[in-house]
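Where a number appears in this text, it was derived from the coordinates with a stated rule and is not lab data. These numbers come from a predicted model, not from an experiment. Here the Cβ is made from the backbone with ideal geometry for all residues, glycine too, and neighbour counts use every protein chain on show.
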Amino acid sequence: MVIAALIALQVAAAAPAAGPLTELPPQQLEPGRCALFLWDKASRQRIAMLSASPTASLRARIDGQLIDLPQASASGSAVMGFAPNARYRSAARQLDVAVTILPTGSGGAVVRDGSLTVTEADGSALVIPVAGILGCR
């Protein structure tokens, strides 16, 4: 079921993502690693990949460039190594992830509701409703 949901999200017709984030290209997950992929609920585009190990980070295509941002802080009860609230920073912006992670019982988890907030250096912010899927290889 988790794989079917992932495939459905991958092939869904999509409108352009809002703001500085554009669709993240397909990502290779190394054996033994887990990742949390987030989709923009409005455009259905894959916009972020979160990794918990070896170091917590968020990968996104921002202003056309593929960027890995280190995790600055995290809170809440982790599910499969991923905290439901996390902050990632670069010199130019901050990305805050707030999600409800629901284990599926089949070695993965889903995010039905959540948000990714992009805050620019000037203080302006964009809140993007997200959904996601957590899986391991």
Hydrodynamic radius (Kirkwood) for region 2-136, which is based on Cα pairs only, to one decimal in Å: 14.8
Residues whose placed amide H lies under 5 Å from that of residue 128, excluding near-sequence neighbours: 116, 117, 118
Dipole of region 2-136, positive end: most advanced residue of 39, 128, 101 [Cβ charges, Cα centre]: 101
Backbone HN-Hα couplings from phi across region 124-137 [Karplus 6.51/-1.76/1.60, Hz, Gly and Pro as x]: 5, 9, 10, 9, 10, x, 10, 10, x, 9, 10, x, 10, 10
The chain - mean residue ellipticity at 222 nm from DSSP helices (-39,500 (n - 2.57) per run, n ≥ 4, rounded to 500): -2000 deg cm²/dmol
Distance between modelled label sites at residue 29 and residue 91, nm, 7 Å Cα→Cβ extension: 3.3
Gyration tensor verdict on region 54-125 (Cα atoms; rounded if a/c is under 1.5, prolate if a/b is larger than b/c, oblate otherwise): prolate
Least to most buried among 77, 106, 57 (fewest other Cβ within 10 Å first): 77, 106, 57
³J(HN,Hα), Karplus 6.51/-1.76/1.60, whole Hz, each residue of region 48-57, x for Gly, Pro: 7, 10, 9, 10, 9, 9, x, 10, 5, 7
Built amide H within the under 5 Å cut-off of residue 33, gap 5+: 137
Contact order normalised by residue count of region 19-137, Cα under 8 Å, 6+ apart, percent: 24
